[in-house]
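The values are calculated or read from the model by the stated rules, or taken from the named source; none is laboratory data. Not measured: the values here are computed from a predicted model. Here the Cβ is made from the backbone with ideal geometry for all residues, glycine too, and neighbour counts use every protein chain on show. These area figures cover heavy atoms from the full protein model, side chains too; ligands, DNA and RNA do not enter into them. Shrake-Rupley method; radii C 1.70, N 1.55, O 1.52, S 1.80 Å.
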Amino acid sequence: MSNYAVFGHPIAHSLSPRIHALFGEQTGIALRYDAIDSPPAEFRTRLAEFAAAGGRGINVTMPLKQDAFRLSAHVSDFARRVGAVNTMSRREDAGWNGDNTDGAGLIRDLTGRPALDLRSRRSLLLGAGGAARAAAHALLDAGIGELVIVNRTAERAESLVDDIGIPGLVHARYWADLRECGGFDLVVNATSSGVTRESLDLPFNLVTSRALCYDLSYGAAAFGFLAWARAAHAGKALDGLGMLIEQAAESFQLWHGTRPETDPVYEQLRGELPLRATD
Ligand code: NDP
């Protein structure tokens, strides 16, 4: 049986072992998938131990994605652009291959079940951490229109905009200026504010009537943002459960060469979460 795991700190809350077990059952692929708690200072050692014990692949979550990037002998083009790795695959005698499936997971979730056309949507991205970086690159690759990036620490939004380097299309604005930014057809919350139950100061006029409001967080952590979106009469408001499952399916495909069906896993986990997304 081949060996996989998710590394993070903390990690007890992770749904990834559950998702990969369901994928394994569905595809008939026998696998073991554990959750391994690893503080950043111990990640290199734990990863080496995992490889020595026959580990074939890992997912990486907060706060280890940039360390995973540095520990990868080879990285995909998308992971290089984002500067973070969430999926590592062991190559015989060639170290770890680093990839980032968060961006593909987000786009699959937006364009799959809700079948949204992202092209030319005027978009607002809240946050400039690792997940926001993946989201920004993936949304631009998918053909969105103007992208405005706002972050609590303004310098990080400016730095992300500089890295992307499309000045006519992508701009940073201050949080305090959001009221003057006009309406958006897509509002993506890539902050971790919901996890710490902090509320975001967001004016209702950000939301056009056809807008999709999307929170990368899921379950109770998405409650505040989705409640705001509903109060602002957004066309659609979704949490990030689907993205979590889609990015896991992308990792599964990298490791096993087959992409599992995500809809049954989504339906099962959606029924178990405390909060439902709204259409
Ligand atoms: P990071 O720690 O890298 O970034 C956190 C971001 O949130 C920063 O931009 C930070 O701003 C901002 N932030 C935190 N607290 C607040 C607050 N109170 N008000 C405003 N902004 C705030 O985290 P990640 O980018 O890795 O993850 C972000 C979220 O996305 C998490 O909730 C995570 O669970 C989720 N996620 C979901 C995935 C999925 O598959 N559904 C995949 C990956 C992530 P500042 O720079 O000022 O600190």
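Being buried (at least 24 other Cβ atoms within 10 Å of the Cβ) and more than 12 Å from the ligand (Cβ to nearest atom) is the filter here, so list the residues in the range 241-253 that pass it. The one that is buried (at least 24 other Cβ atoms within 10 Å of the Cβ) and more than 12 Å from the ligand (Cβ to nearest atom): F252.
Residue-level check: of (1) more than 12 Å from the ligand (Cβ to nearest atom); (2) crowded, with 17+ Cβ neighbours inside 10 Å; (3) not basic (K, R), P114 misses just (2). Can you say whether Y174 is among the aromatic types (F, W, Y) and touching a strand residue (DSSP E or B) at 6+ places or on another chain (Cβ under 8 Å), as far as the supplied structure shows? Yes, satisfied.
All of (1) surrounded by 20 or more Cβ atoms within 10 Å (Cβ to Cβ); (2) within 12 Å of the ligand (Cβ to nearest atom); (3) of a type outside the set (D, E, K, R) hold for M62 with one exception: (1).
Of all residues in the range 193-213, those satisfying the criterion of being surrounded by 16 or more Cβ atoms within 10 Å (Cβ to Cβ) and part of a loop (DSSP other than H, G, I, E, B) are S193, G194, L200, L202.
So which pairs qualify, if the first residue must be in the range 14-35 and part of a strand (DSSP E or B), the second must be open to solvent by 50 Å² or more (accessible area, probe 1.4 Å), the Cβ gap must be under 6 Å, and the two must be at least 6 apart or on different chains? Filtered contacts from the range 14-35: R32/M1.
Checking the condition over 18 Å from the mean Cα position of the chain (by Cα), more than 19 Å from A5 (Cβ to Cβ) and not assigned by TED's automatic domain parsing to the domain that holds T111, which residue from P260, P264 passes? Just one listed residue meets the conditions, P264. For the range 81-133, name all the residues that are aliphatic (A, V, I, L, M) and under 28 Å from Y33 (Cα atoms). Result: V82, A84, V85, M88, A94, A104, L106, I107, L110, A131, A132.
Among the residues of the range 254-275, are any within 26 Å of G127 (Cα to Cα), of a type in the set (S, T, N, Q) and either part of a loop (DSSP other than H, G, I, E, B) or open to solvent by less than 20 Å² (accessible area, probe 1.4 Å) (or both)? No, the conditions are met nowhere in the range 254-275. Could we say that H13 is more than 30 Å from I164 (Cα to Cα), within 16 Å of the ligand (Cβ to nearest atom) and in contact with a Phe, Trp or Tyr (Cβ under 9 Å, 6 or more places away or on another chain) here? Taking the combined requirement at face value, the residue does not satisfy it. Being touching a residue at least 60 places away in the same chain (Cβ under 8 Å), more than 17 Å from A249 (Cα to Cα) and under 15 Å from the mean Cα position of the chain (by Cα), is that true of even one residue in the range 99-117? Within the range 99-117, none of the residues are touching a residue at least 60 places away in the same chain (Cβ under 8 Å), more than 17 Å from A249 (Cα to Cα) and under 15 Å from the mean Cα position of the chain (by Cα).
Checked across the range 45-57, the condition of being closer than 30 Å to L238 by Cα, surrounded by 15 or more Cβ atoms within 10 Å (Cβ to Cβ) and touching a strand residue (DSSP E or B) at 6+ places or on another chain (Cβ under 9 Å) holds for at least one residue. Run down A104, A136 and say which single residue is under 27 Å from A12 (Cβ atoms) and not aromatic (F, W, Y). Just a single option satisfies the conditions, and that option is A104. Cβ-Cβ contacts under 8 Å between residues 6 or more apart (or on different chains), taken from a first residue in the range 48-73 that is assigned by TED's automatic domain parsing to the domain that holds S89 to a second residue that is away from the ligand (no atom under 16 Å from the Cβ) and open to solvent by 60 Å² or more (accessible area, probe 1.4 Å), are listed as A51/R90; G55/R90; R56/R90; G57/R90; D67/R44; L71/R44; A73/R91.
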